[in-house]
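Visitor: Dropping a structure here in structure tokens format, bear with me for questions.
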Amino acid sequence: MTVDSEDFTEIGKPLPRREDRRLLTGQGRFVDDIAIPGALHAVFVRSPHGHARIREIDTVEALELDGVVGVFTGKDLNAWTNPLRLAPPIEGLLPTKMTTLPEGKVRFHGDPVACVLAVDPYTAEDAAERVAVTYDTLEAVTDAAAALAPDAPRVDDDLESNLVSRQSFSAGAPAARRREAHAVVEAEFHQHRQTHAPMETRGCVAVWDEGRKHLTMHIGTQIPHPLRGQLAGRLGLSESQVTVVSPDIGGGFGQKIALYREELVIAALTRHLKRSVRWREDRLENLMAASHARENTCRTRASVDRSGRILGLEFEITEDFGAYCFYPANYMSRVVAMILTGPYRIRDYAYEVKVALTNKCGSGPMRAPMAITSWVMDGTIDAIARQLGLDPVEVRRVNMLSPADFPHTMPTGEVLEDISPAETFEAAVKAVDVSAIRRRQGATCDDGRLIGLGFCTVVESTTYGSHFYKSAGIAGSGHEAAWVRIEPSGAVNASVGLMGSGQGYETPLAQAVAEGLGVGTDDVRVHMGHTDIAPYGMGSRGSRGATAGGGTLYLCARKAQERVLTIAAAVLGLNSADTASLRLRDRRVQRRIDDAWQDTELTLRDVARTAYLDPTALPEGVPPGLDVAMTYDPPPMTYSNATHACIVAIETATGRVVIERYLVAEDCGTVLNPVVVRGQQQGAIAMGLSGALFEEVVYDASGQNMSATFADYLLATACELPNFEILHMNTPSRQTPAGIKGMAEGGVMGAIGAVTNAVNDALAPLGVVANRQPLSPQYIRGLIRSAENTKNPRRHGS
Amino acid sequence: MDSRHDIELSVNGDTHRISVQARRLLSDALREDCGLTGTHVGCEHGVCGACTVLIDGRPARACLTYAMQMEGHEITTIEGLGGTDGYSPLQQAMQDEHGLQCGFCTPGILVTFEAYLRDNPDPTEDEIRDVLSGNLCRCTGYENIVAAVKKAAAGMRGEPE
Ligand code: FES
Ligand code: FES
């Protein structure tokens, strides 16, 4: 499809968001705001141990309490529901099975063991405290190394070991490159456990209609249709007996994708009791038991020549996946390995991916499931520069793909096209004025601060097509579905299978429809989040919203415009082949006469009236109505790119990292709505910085979660984050509708890398390297102290 | 524990006669007994600020306040902000500057700054960030919220944009 983005009239406008009015006036509608008369309230009883056998669950005292309707355990729920079996045909991945509630043993602190239902949440809480569970505690494994030790206690008794997934790959001859190399540079990267922490925790309201045998599930979910399929399957219902309705969502970031056991319990109890049931977890549960993410350790070994050129790269990643598999365990780490080389010219490459089960909350994708990728790659470049005494900017230049290299096939077979890493990198270098910072670094040895500059170039995999899923060994489809309906009055309704969780989809997606159809954005309403209304699509994950969702809507709207013009041609008495000389613009049918577009007497409304109310006037072969649907499977993978630059000052006395300046040059192709895109860039960078600097899920050696409040799990506040300078670049994709490429996760990837690279640039004169996050004052101060001790072993005793 | 008390809550100028247990949180009373669901609960332990309301004009955490303590006090929630055309200057600035995404934290932020700007018409960016640090936002990175507060303040002082 040839698209000249210069001609767009609706796509690219900085329109304010439609959601804002309701959200700014307290009229938003989140799950907890939906009143369902007579609904029972659920509270879960959770394991206080990291690993233990359940000996007995005594519910007598709880049931005695006034207002308690029932207490249900694994024995009940597992009889009423089917387990989750994950056994995709992926080499090296062990099949797993998870029941709805555990019966034999609990596997992490927070594992749900019983559900209490009562007439109000206070009573349910009281009753939950009276449920007496007796446990025999077991030894817990709380990190990947311990989990993979030969005699480690097993997290999942059904598996022969805790190594739930392992894959390896090699292209070219990295071992041979190592032998030929001028130097071999090794580097390590430890990413700590984090959690999504959406401001709205999980929750749902389930309503069972006994007369129709139908379940309606009100739940904030990023993927309404796949969730419906899961619910139906686990409950033994048909997909026609389940409706999923997603109201406003207070943030998801990947946490609201899986069907969690608690939600399934609520649905099952609703059906069992034939009464509506609601559940809203508290923050402790959310931090402890919803979903965690990111914990992995990476090692790289780069074989390089004198100039720092990478001749070969070897990569190992080991992920701590927690206790349960809500996703195939290879899912996140394998993608890191597949796209690691990103913007750099590397041919000889090998990886090994290992995923271990541990006695912690199960992991899942969190905004940028492949978050660590760019830190590892650009951190490796910095390690090369340090070891060889080269300028890190020059080492990047030596290895960076140039415009002439595209399309570029990565060693894993992934194809990069229509991206501009060299351009974003040079733009960022120019904007920060590297030599001025180097001069400052030379001059400011003695004011108690160390200055550092870090770069991180990101190639962000945004939109996964079905072919990528297949080649990455991930079960799933990448297609999306849409319909566009022009009603008899000419009003335009549209729908898509996505569901936003705060991004602000309603406006940009309406812009995509308006552009494709030839109407104003104000004329279009996009309906999402209701499985009986929206077509079956794969929902919102990754950064697929714009390319898969916006792209499908745009194509569908173009098809609708074609239909409108076919009818218009007939009404105007033109030959049907003449639609090429017609177009719809601002709801008017226009005709090209002598290279100029002129209004005809027809409007969209006239054509709609004919289509619905005068179908005998339609040309042959054109069906009545104006209702167009389509599905679309994007290319195997769409990539955006960016370069982040971060300048930090480290206070040597305290170890505190202060961000002085933050800048990103980003190329995400055609932008549907720059207001929304800018918000996504800011939000993603903020999440990356917050994670790299402050957040950390902490378990003690027995598997106790020590970070289950916002006083312990620290999110960055307004005082810790800087303003972000954003340089826009624009290389539309030639492979996707309207040239859209997507974004929203790369900011996390770049931020993690840029801030850590900046810290290491600042620490370089001391000869120490920060290779783990969070970059807390304690950690940084410890590194500085170790450097001081090496320099003056006697003076510093502590 | 479960004896109930009949109380009057004065919220946004309206009087709500409700019956509550002594332990009922103000946040629950507002949302469930008064039907004012604009006040959100993000942590229930006083850190996130989503539940912030005004009690006699001063910001307070509704999740750390019992409904019974509120007799004789004036409560203002998000539903009580804004003029006849719907938006206060701060609400308008939040929309103009794209100061919200999911909007879950937004009511607490609006309520906090409606009070703050009344007493501090000309805050610096550092002062705004300092006050805003009492409200967690997972979506925006705060930059646009700060810009919105600045813009609203300038507008309320009558300065041209
Ligand atoms: S809900 Fe009250 S401060 Fe978080
Ligand atoms: S807008 Fe989502 S938490 Fe602030």
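The values are calculated or read from the model by the stated rules, or taken from the named source; none is laboratory data. The structure displayed is predicted, hence computed values, not measured ones. With ideal geometry, Cβ positions are generated from the backbone for all residues, glycine too; neighbour counts draw on all protein chains shown. When the accessible area is computed, the model is the full protein with side chains, heavy atoms only, and any ligands, DNA or RNA have been set aside. Shrake-Rupley method; radii C 1.70, N 1.55, O 1.52, S 1.80 Å.
Visitor: Under the classification rounded if a/c is under 1.5, otherwise prolate if a/b is larger than b/c and oblate if not, where does the protein assembly as shown fall, given a ≥ b ≥ c as square roots of the Cα gyration tensor eigenvalues?
Guide: rounded
Visitor: Using the beta-carbon distance between A:ASP136 and A:ALA87 and R0 = 30 Å, what value does 1/(1 + (r/R0)^6) give for FRET efficiency, to the nearest 0.05?
Guide: E(calc), rounded to 0.05, equals 0.50.
Visitor: Another question, if that's okay. Cut-off 16 Å, label point 7 angstrom out along Cα-to-Cβ of B:GLU71: give me the residues of segment B:26-61 whose amide nitrogen falls inside.
Guide: B:26
Visitor: Leaving out ligands, DNA and RNA, and with a 1.4 Å probe, what % of the accessible surface on segment A:193-249 is carbon or sulfur?
Guide: Details: 670 of 1380 Å².
Of all accessible area on segment A:193-249, carbon and sulfur atoms account for 49 percent.
Visitor: Mind listing the phi-derived Karplus ³J(HN,Hα) values for segment A:482-488, rounded to whole Hz, using 6.51, -1.76 and 1.60 with θ = phi - 60°, and x for any glycine or proline?
Guide: Here the 3J(HN,Hα) series is 8, 9, 10, 10, 9, 7, x Hz.
Visitor: How high is the FRET efficiency between B:HIS5 and A:ALA629 when r is their beta carbon distance and R₀ equals 56 Å, given to the nearest 0.05?
Guide: Working: r = 56 Å, r/R0 = 1.01.
Approximately 0.50, to the nearest 0.05.
Visitor: How far apart, in nanometres, would the label points at A:ASP157 and A:HIS467 be if each is projected 7 angstrom from Cα along the Cα-to-Cβ direction?
Guide: Result for the modelled spin labels: 4.7 nm.
Visitor: Which helices of chain A meet both criteria: a Cα extent of 27 Å or more along the helical axis and a mean Kyte-Doolittle score no lower than 0.0, with helices taken as whole DSSP H segments?
Guide: A:551-571, A:674-693
Visitor: Sticking with this one: May I ask for the net charge around A:GLY342, where only other residues with Cβ less than 11 Å from the Cβ of A:GLY342 are counted and Lys, Arg are +1 while Asp, Glu are -1?
Guide: Neighbour charge sum, excluding A:GLY342 itself: -2.
Visitor: Right, another one. Please get the size of the charge dipole for the protein assembly as shown, origin at its Cα centre, with Cβ charges of +1 on Lys and Arg and -1 on Asp and Glu, quoted in debye to the nearest 20. If you can, show how the numbers build up before the last one.
Guide: On the way: 93 positive and 121 negative charges, 394 e Å.
In total the dipole reaches around 1900 debye.
Visitor: Using Cα springs under 10 Å in a Gaussian network model of chain B, which residue among B:THR76, B:THR65, B:THR15 shows the largest mean-square fluctuation?
Guide: Highest fluctuation among the options: B:THR15.
Visitor: Residues of segment A:246-272 with backbone nitrogen within less than 20 Å of a virtual label 7 Å along the Cα-to-Cβ line of A:VAL119, please, listed as ranges.
Guide: Label zone hits: A:270.
Visitor: Taking 2.2 N^0.38 Å as the expected size of a compact globular protein, what ratio does the Cα radius of gyration of segment A:191-303 give against it, to two decimals? It would help to have the intermediate numbers written out before the result.
Guide: Values: Rg = 16.7 Å, N = 113, 2.2 N^0.38 = 13.3 Å.
It is 1.26.
Visitor: Further, regarding this structure: Based on the Cβ-Cβ distance of A:ALA580 and B:THR84, what FRET efficiency does E = 1/(1 + (r/R0)^6) give at R0 = 41 Å, to the nearest 0.05?
Guide: 0.20
Visitor: Just report the Cα centroid separation between segment A:38-66 and segment A:570-646, whole Å.
Guide: Here the answer is 59 Å between Cα centres.
Visitor: Using a 1.4 Å probe and counting only protein heavy atoms, how much accessible surface gets buried when A and B come together, both sides summed, in Å² to the nearest 100?
Guide: The A and B chains share an interface burying roughly 4100 Å².
Visitor: While we're looking at this one, here's another question. Could you point to the residue in A:ALA568, B:ILE128, B:ASN12 farthest towards the positive end of the protein assembly as shown's charge dipole, with +1 and -1 charges on the Cβ of Lys/Arg and Asp/Glu respectively?
Guide: Positive-most Cα among the choices belongs to A:ALA568.
Visitor: Within 9 Å, Cβ to Cβ, of A:VAL106, how many net charges do the neighbouring residues add up to if Lys/Arg are +1 and Asp/Glu are -1?
Guide: Neighbourhood net charge equals +3.
Visitor: To the nearest 20 debye, what is the magnitude of the charge dipole of segment A:479-632 about its Cα centre, counting +1 on the Cβ of each Lys and Arg and -1 on the Cβ of each Asp and Glu? Can you show the working numbers first?
Guide: On the way: 15 positive and 18 negative charges, 64 e Å.
Using Cβ point charges on Lys, Arg, Asp and Glu, segment A:479-632 gives about 300 debye.
Visitor: Taking each residue of B:93-100 in turn, how many C-beta atoms of other protein chains fall within 10 Å of its C-beta, and what is the average?
Guide: Averaged over the peptide's residues, the number is 5.
Visitor: Return one whole number: the accessible area per residue of the protein assembly as shown in Å², for a 1.4 Å probe. If you can, show how the numbers build up before the last one.
Guide: Values: 34480 Å² over 959 residues.
With all protein chains present, the protein assembly as shown gives 36 Å² per residue.
Visitor: Right, here's the next one. How far, in degrees from 0 to 90, does helix B:106-119 lean away from the longest principal axis of the Cα atoms of chain B, to the nearest 10?
Guide: Tilt of helix B:106-119: around 70 degrees.
Visitor: Can you give the angle from 0 to 90° between the axis of helix B:143-156 and the longest principal axis of chain B, with both taken from C-alpha atoms, to the nearest 10?
Guide: 90
Visitor: Where the centre of each part is set by its Cα atoms, how far does segment B:80-151 sit from segment B:8-46, in angstrom?
Guide: 22
Visitor: Under the Karplus relation 6.51 cos²θ - 1.76 cosθ + 1.60, θ = phi - 60°, what is the ordered set of whole-Hz ³J(HN,Hα) values for segment A:766-775, x standing for Gly and Pro?
Guide: 8, x, 10, 10, 8, 10, 9, 10, x, 7
Visitor: Helix-derived [θ] at 222 nm for chain A: sum -39500 (n - 2.57) over DSSP H runs of at least 4, divide by residue count, nearest 500?
Guide: So the helix-based figure for chain A works out to -8500 deg cm²/dmol.
Visitor: May I pose another question? Want the number for A:HIS214 to A:HIS527: 0.36 nm per residue separation, take away the alpha-carbon distance, what's left?
Guide: 110.5 nm
Visitor: If I compute solvent accessible area with a 1.4 Å probe over the protein chains, what percent of it on chain B is carbon and sulfur? If you can, show how the numbers build up before the last one.
Guide: Values: 2860 of 6300 Å².
Solvent-exposed carbon and sulfur of chain B make up 45 percent of the total.
Visitor: Take every Cα pair under 8 Å in chain A that's 6+ residues apart, average their separations, divide by the length, and report that relative contact order as a whole percent.
Guide: Relative contact order here is 16 percent.
Visitor: Give me the accessible area of A:ASP7, 1.4 Å probe, in Å² rounded to the nearest 10.
Guide: Surface accessible to solvent at A:ASP7 totals approximately 100 Å².
Visitor: Please report, as a whole percent, how much of the solvent-accessible surface of segment A:479-632 comes from carbon and sulfur atoms (probe radius 1.4 Å).
Guide: Roughly 44 percent, rounded to a whole number.
Visitor: Just counting partner chain Cβ atoms within 10 Å, what average do the residues of peptide B:123-133 show around their Cβ?
Guide: Working: counts 0, 0, 2, 2, 0, 1, 5, 3, 2, 3, 5.
That works out to 2 on average.
Visitor: What does a probe at A:VAL184 reach in segment A:381-423, counting residues whose amide N is under 17 Å from the point 7 Å along Cα→Cβ?
Guide: A:384, A:387-388
Visitor: Counting only other chains, what is the mean number of Cβ atoms within 10 angstrom of the Cβ of each residue in peptide A:710-717? Before the final figure, lay out the partial values.
Guide: Numbers: counts 8, 4, 1, 1, 2, 5, 6, 10.
Whole-number average of other-chain Cβ neighbours for A:710-717 is 5.
Visitor: Where does the charge balance sit around A:GLN167 when Lys and Arg score +1, Asp and Glu -1, over other residues with C-beta under 10 Å from its C-beta?
Guide: Spelling it out: positives minus negatives among the neighbours equals +1.
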